[in-house]
Amino acid sequence: MAKRINVTKTHLPSLAEYQNLVEEIWESGQLTNYGEKATLLQNNLKSHLDVKHLQLATNGTIAIQIAIKALELKGEIITTPFSYVATVSSIVWEGCTPVFVDIRASDYCIDPDKIEAAITDRTSAILATHVYGNPCAVEQIQEIATKHNLKVIYDAAHAFDVKINGRSVLTYGDISTISFHATKVFHSGEGGAIISQNEELAHRISYLGNFGHNGPEDFYGLGVNGKVSEFHAALGLCVLPHMPSIIANRRNTVELYDSLLIDELRIARMSIAENVTHNYSYYPVLLQSEQSLLEVKDALNEANIFPRRYFYPSLNKLPYLRNHTTMPIAESVSERILCLPLSSDQDNDDTAKICSIILKNL
Ligand SMILES: *Cc1c(COP(=O)(O)O)cnc(C)c1O
């Protein structure tokens with residue numbers, strides 16, 4: 001049997017490096033509560049990503065929930081049907097109603113031209129995802145938000161190190177949230193962060209994620225446990241210095257995929273704007289029909305290769321939503337899109353084999 005190739009493979013730093021940090025944690029005796037490792041990772045990430053305020057969180061989902069709480073959102077939140085379930089489940093979890101706006105076929109992000117039609121007097125915010133690290137139409141979204149007095153949150157789970165004209169994509173909107181899950185480009189096993197550009201908001205975010213504490217015996221207000229352990233932070237500290245090579249290696253694989261699939265007109269590939277510095281987080285291919293996708297996926301699975309239908313299904317179809325709307329573009333894309341294997345150390349031979357199986361089974 002051929003070796004198994006998954007849609008993603010976690011980048012593992014040197015075990016010795018991690019063990020060194022674990023020994024330091026052992027010596028300190030402090031395993032959590034924003035100790036030395038979490039504080040250092042927080043500061044290193046702030047300068048690496050060039051953002052003003054960054055608060056580490058347990059994961060990218062709690063980061064979204066804290067963002068919604070921090071902005072005191074109520075009523076309806078305009079969002080995208082084409083994202084991971086955590087974007088929409090967080091809205092529902094926080095007692096708000098997701099109102100879907102369809103995506104653009106060109107970049108799979110929320111269609112800014114369709115947002116205004118979805119605004120009602122109950123709308124409090126726009127929560128959009130930079131899909132596969134491809135930035136949303138951030139300028140146009142901000143104009144709409146300003147005009148209608150709405151907050152903007154970006155689910156930037158895919159967007160580590162992504163820039164627009166050299167500026168971090170994480171600096172747009174009121175808050176950006178990010179995930180450091182083991183499947184993401186930068187990871188700490190589990191983890192995430194909440195990024196904001198405003199001091200007062202950053203302060204609210206910091207106590208919301210730490211039970212609301214203001215010192216051991218006082219509380220600013222309501223809070224939750226959104227902390228990160230020293231072990232997760234230490235893993236992040238080991239991965240962070242390798243980001244340039246992680247991204248460069250992924251870029252090589254993406255360029256090989258591109259060159260091998262370039263003549264195949266039955267496959268649409270993601271296009272990234274000229275002014276965007278991408279992070280090569282995913283390699284999605286859009287097939288002509290769901291039938292074609294299923295055939296390609298089966299053929300790859302036979303060869304022990306496991307691409308992922310991501311994102312599928314379209315989130316407007318989630319069973320726990322009350323009003324089921326139709327989102328023609330998101331539904332069509334989610335039925336036909338397949339993320340191919342991509343990691344920081346993928347063999348070129350494997351990439352070539354994946355492409356040859358796809359081309360044979362179209
Ligand atoms: C991974 C992901 C999340 C959730 O992050 P976790 O750290 O797994 O909780 C949210 N949104 C998107 C778009 C994601 O890809």
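The values are calculated or read from the model by the stated rules, or taken from the named source; none is laboratory data. What you see is a predicted model; the values in this text were computed from it and never measured. In this analysis, Cβ positions are derived from the backbone assuming ideal geometry, glycine residues included, and neighbour counts consider all displayed protein chains.
Which of the residues belonging to segment 311-362 are in contact with an Asp or Glu (Cβ under 7 Å, 6 or more places away or on another chain), of a type in the set (Gly, Ala, Ser) and in a helix (DSSP H, G or I)?
ALA330
With the condition being within 16 Å of the ligand (Cβ to nearest atom) and of a type in the set (Gly, Ala, Ser), I'd like the helices (runs of 4 or more DSSP H) fully within segment 31-142 carrying at least 2 qualifying residues.
Result: 60-70, 85-93.
Hey, can you tell me all the residues within segment 21-30 that are in a helix (DSSP H, G or I) and either touching a helix residue (DSSP H, G or I) at 6+ places or on another chain (Cβ under 9 Å) or under 29 Å from HIS203 (Cα atoms) (or both)?
LEU21, VAL22, GLU24, ILE25, SER28
With respect to SER83, is the statement that it is closer than 30 Å to PHE231 by Cα and surrounded by fewer than 23 Cβ atoms within 10 Å (Cβ to Cβ) true?
no
May I ask you to say which residue of SER259, SER292, SER271 is part of a helix (DSSP H, G or I), outside the structural domain of SER106 (by TED's automatic domain parsing), surrounded by fewer than 21 Cβ atoms within 10 Å (Cβ to Cβ) and in contact (Cβ under 8 Å) with a residue 40 or more places away in the chain?
After applying the criteria, what remains is SER292.
Could you list, in sequence order, the residues of segment 197-241 that are in contact (Cβ under 8 Å) with a residue 12 or more places away in the chain, part of a helix (DSSP H, G or I) and surrounded by fewer than 16 Cβ atoms within 10 Å (Cβ to Cβ)?
GLU199
Give just the number: which of (1) polar (S, T, N, Q); (2) touching a Leu at 6+ places or on another chain (Cβ under 8 Å); (3) within 30 Å of ASN20 (Cβ to Cβ) does GLN346 not satisfy?
(2)
Which residue out of SER179, SER229, SER188 is in contact with a strand residue (DSSP E or B) (Cβ under 6 Å, 6 or more places away or on another chain) and small (Gly, Ala, Ser)?
SER179
Of everything in segment 164-213, what is within 13 Å of the ligand (Cβ to nearest atom) and either β-branched (Val, Ile, Thr) or not assigned by TED's automatic domain parsing to the domain that holds SER124 (or both)? Give them in sequence order.
Within segment 164-213, THR177, ILE178, THR183, VAL185, ILE194 qualify.
Which condition number in (1) polar (S, T, N, Q); (2) buried (at least 17 other Cβ atoms within 10 Å of the Cβ); (3) closer than 20 Å to SER106 by Cα is the one that SER344 fails?
All conditions pass for SER344, except number (3).
In segment 113-144, which residues are touching a residue at least 60 places away in the same chain (Cβ under 8 Å), in contact with a helix residue (DSSP H, G or I) (Cβ under 9 Å, 6 or more places away or on another chain) and either acidic (Asp, Glu) or farther than 14 Å from VAL101 by Cα (or both)?
Listed by number, the residues that qualify are GLY133, PRO135.
Taking segment 147-157, which residues are buried (at least 24 other Cβ atoms within 10 Å of the Cβ) and assigned to a loop (DSSP other than H, G, I, E, B)?
Within segment 147-157, ALA156, ALA157 meet the criteria.
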